């Protein structure tokens, strides 16, 4: 979820339905041995590569940390002894690069416009 593993983010994207949103509570401190939570711009870029859109990234409130009733979060004292970041994700639009041949405009053949039964007069 920190944006450094595209396979993880691709799996998250596959779990979400086209109009779905996801909320992630994430807590990382130095002793965890992983990089800190990147800034929103870096996370947005990593998520966009997998078709996800970062809607929100901010410190979670105490109520948001308590809402899921996670025993693991309680054990870690998340939100009190550890900072917690809230991420809201949505499925974004994946822009795929077109091949040059797909972008070529072609004139229609004149005979295709003059077919019987097709009246092109104003």
ask   = Looking only at residues in segment 76-91 that are outside any strand (DSSP E or B) and at pLDDT below 75, which one is surrounded by the most Cβ atoms within 10 Å (Cβ to Cβ)?
value = 79
note = The number of residues in segment 23-73 that are out of contact with any helix residue (DSSP H, G or I) (no Cβ under 9 Å at 6 or more places or on another chain) and part of a strand (DSSP E or B) is 3
ask   = Scanning segment 1-17 for residues that are out of contact with any strand residue (DSSP E or B) (no Cβ under 9 Å at 6 or more places or on another chain) and not in a helix (DSSP H, G or I), which turns out surrounded by the most Cβ atoms within 10 Å (Cβ to Cβ)?
value = 3
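The values are calculated or read from the model by the stated rules, or taken from the named source; none is laboratory data. In this text, all values refer to a predicted model and were calculated from it rather than measured experimentally. Here the Cβ is made from the backbone with ideal geometry for all residues, glycine too, and neighbour counts use every protein chain on show.
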